[in-house]
Amino acid sequence: MIPESAQPDCHFRNFSVLLSPTPRGARLARLLATEQLRSWGLPHDPAAHIVAELANNAAGHGKVSGRNFRLLLYVIGGTLRIEVTDTRGDRLPEPREAAPDSETGRGLALVAALADRWGVAPGLRPRKTVWAELTLPAPESPKPGTPHPGPTCASYELPTGDKAPHQAPPLPPAAQTHSRE
């Protein structure tokens, strides 16, 4: 039997990083998010665009000298949640209509168009978190009789020893699942 602490949690993934509130920090947020989603085997579009817009807003409008912003990605079940927390809780984002010839002002409109849900949550003073959620595509079911690639959450070892004639065959552990990680 495998101890519970040795079994990885296959239903919850997260990634968090603090970044400087600069254009370089916003760019790095998008690059790190793209790489993290790729390592999880998840599509990076439109999530990378959402991260870029939220990080750019944190670096531009949520900037306080000497204070970083935080990027948090996590997956629970079939939902990817993107959170960007900055230290300007006094400046809440408001979607607005940009002038047709304006080069800025469309970030939240893009987030609203790309995300399934989004919003703003106040944090401990002076923080605020702008979040967006994406429903992930359902993983493809393997065809019957084909091998299941990728590691499992818990390895299964065949039982050793003889069993009594009236016993049913052993069942695999309940935690054994196939994952695309």
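Would you kindly calculate the translational diffusion coefficient of segment 50-147, applying Stokes-Einstein with the Kirkwood radius from alpha carbon pairs, for 20 °C and a viscosity of 1.002 mPa s, and quote it in µm² s⁻¹ without decimals? Kindly include the intermediate steps, with their values, before the conclusion.
Values: Rh = 15.0 Å.
It comes out at roughly 143 µm²/s.
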Taking a probe of 1.4 angstrom, what is the accessible area of THR34 in Å², to the nearest 10? 20 Å²
If you add up the charges near ALA55, with Lys and Arg at +1 and Asp and Glu at -1, over every other residue whose beta carbon is less than 12 angstrom from its beta carbon, what do you get? +2
Relative pair counts by distance (%), Cα atoms of segment 73-112, 10 Å bins: 22, 37, 32, 9, 0
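The values are calculated or read from the model by the stated rules, or taken from the named source; none is laboratory data. Since we're looking at a predicted model, the values are computed, not measured. Backbone-built Cβ (ideal geometry, glycine too); neighbour counts: all protein chains shown. These accessible areas exclude ligands, DNA and RNA; they are computed on the full protein's heavy atoms, side chains included. Shrake-Rupley method; radii C 1.70, N 1.55, O 1.52, S 1.80 Å.
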